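Novice: Dropping the structure in here first, questions after.
All of the numbers you see were taken from the coordinates with simple rules; none came from a lab. Here the structure is a predicted model, which is why all the values come from computation and not from measurement. Note that each Cβ is placed from the backbone with ideal geometry, even for glycine, and that neighbours are counted across all protein chains shown.
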Amino acid sequence: MPEVPTGELPPERSRAGRRNPTGTAAVRLRDATLSFGARTLWSGLDLDIAPGEFLAVLGPNGSGKTSLLRVLLGQQELDRGSAEIAGRPVKRGSTRIGYVPQQKAFDPGLPVRGRDLVGFGLDGHKWGLPLGGKNRRRTIDEALASVNASSYGDVPIGLLSGGEQQRLRIAQALITNPAVLLCDEPLLSLDIAHQRSVSELIDARRKASNAAVVFVTHEINPILDKVDRVLYLVDGQFRVGPPAEVMTSDVLTELYGTRIDVIHVGGRIVVVGAEDHGHHPTDVSHT
């Protein structure tokens, strides 16, 4: 079975159907190759992500999902190929990128307020003391309001729920109005209600700002109705395309090299068979 091709962005319209007058990709990878020792995570990856596009990155643990984000953040060099953000080579600390890290609990005694965490998105990548003044406070207030977090902006972050903390991380990531929003397992450890609210928030901000979203996840179902394309990574191989083309028994069977069944149940995707070959089913998608 041939790979699902990525191709080039049409000059007048993105893959997601949104206007893209310049044809400049929000993210562009050419012949991107990354290895750790003798193990190749992925090789020859050509990928254009359009402004406003929602790309889900799926695959088992160790397939290179988070490493891809590190490449785009300028924290990991490619072995071969190139990576660009909005037409420019990737660089560490770029304000053209917003980053939502994996959910981790804060110490309840941490003396950092919600607004302090959001403010790190303005100057956390710079040397020296944070900038002050009314403009900075107004920008932070607007960021808090944009994610419906104004009511707990002055609360210590360790006292907030996981969902509230993720809203603050999203506000921090979006405060510089980035061209690309990178999300590393942003739904991890959240209950279903908070998964839904965080997913809706990311999608709403994407639509409002036309930022591309690169969303690393083990579970596609909470975002299935928002995803334009999937990048699926397995054992050095990859497929790219709409969920209906990539999330199939034939494609995943070829990627895993063994029989994988993809079942659609009540609007959800269930993948079975991967757990028999060294991958837990939650590494793919689950009920």
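Novice: May I ask for the Kirkwood hydrodynamic radius of segment 95-216, worked out over all distinct Cα pairs and given in angstroms to one decimal? Intermediate results must be reported in sequence, preceding the final value.
Specialist: Details: mean 1/r = 0.0696 Å⁻¹.
Every distinct Cα pair counted, the radius reaches 14.4 Å.
Novice: Mind listing P(r) for segment 154-227? All alpha-carbon pairs, 10 Å bins, whole percents.
Specialist: Each 10 Å bin holds this share of Cα pairs: 19, 55, 25, 2.
Novice: Assign unit charges at the C-beta atoms only (+1 for Lys and Arg, -1 for Asp and Glu), then state the dipole size of segment 27-283 relative to its Cα centre in Debye, rounded to the nearest 20.
Specialist: Magnitude of the dipole: close to 1200 debye.
Novice: List the lysines whose alpha-carbon lies under 30 Å from that of LYS65, not counting same-chain residues fewer than 8 positions away?
Specialist: Filter leaves LYS91, LYS104, LYS126, LYS207, LYS226.
Novice: Based on Cα positions only, what radius of gyration and what Dmax would you give for segment 27-283, in angstroms?
Specialist: According to the Cα coordinates of segment 27-283, Rg and Dmax are 18.7, 60 Å.
Novice: Something else about it: Would you mind giving the three semi-axes, in whole Å and largest first, of the ellipsoid equivalent to segment 185-256 according to its Cα gyration tensor?
Specialist: Rounded to whole Å, the semi-axes are 24, 14, 10.
Novice: For segment 173-257, run through the chymotrypsin sites (Phe, Trp or Tyr not before Pro) and keep only the ones in DSSP coil with at most 15 other Cβ atoms within 10 Å of their Cβ. Could the numbers behind the result be given before it?
Specialist: Working: sites: PHE215, TYR232, PHE238, TYR256; in loops: none.
Here no chymotrypsin sites (Phe, Trp or Tyr not before Pro) fit, given the DSSP loop and packing criteria.
Novice: Something else: Based on DSSP, what percent of beta bridges with both residues in segment 27-283 are antiparallel, to the nearest 5?
Specialist: Of all bridge pairs located within segment 27-283, approximately 60 percent are antiparallel.
Novice: How high is the relative contact order of segment 27-283, in percent, with contacts defined as C-alpha pairs under 8 Å that are six or more residues apart? Could you put the intermediate results ahead of the total?
Specialist: Values: 485 pairs, mean separation 62.8, N = 257.
The normalised contact order for segment 27-283 reaches 24 percent.
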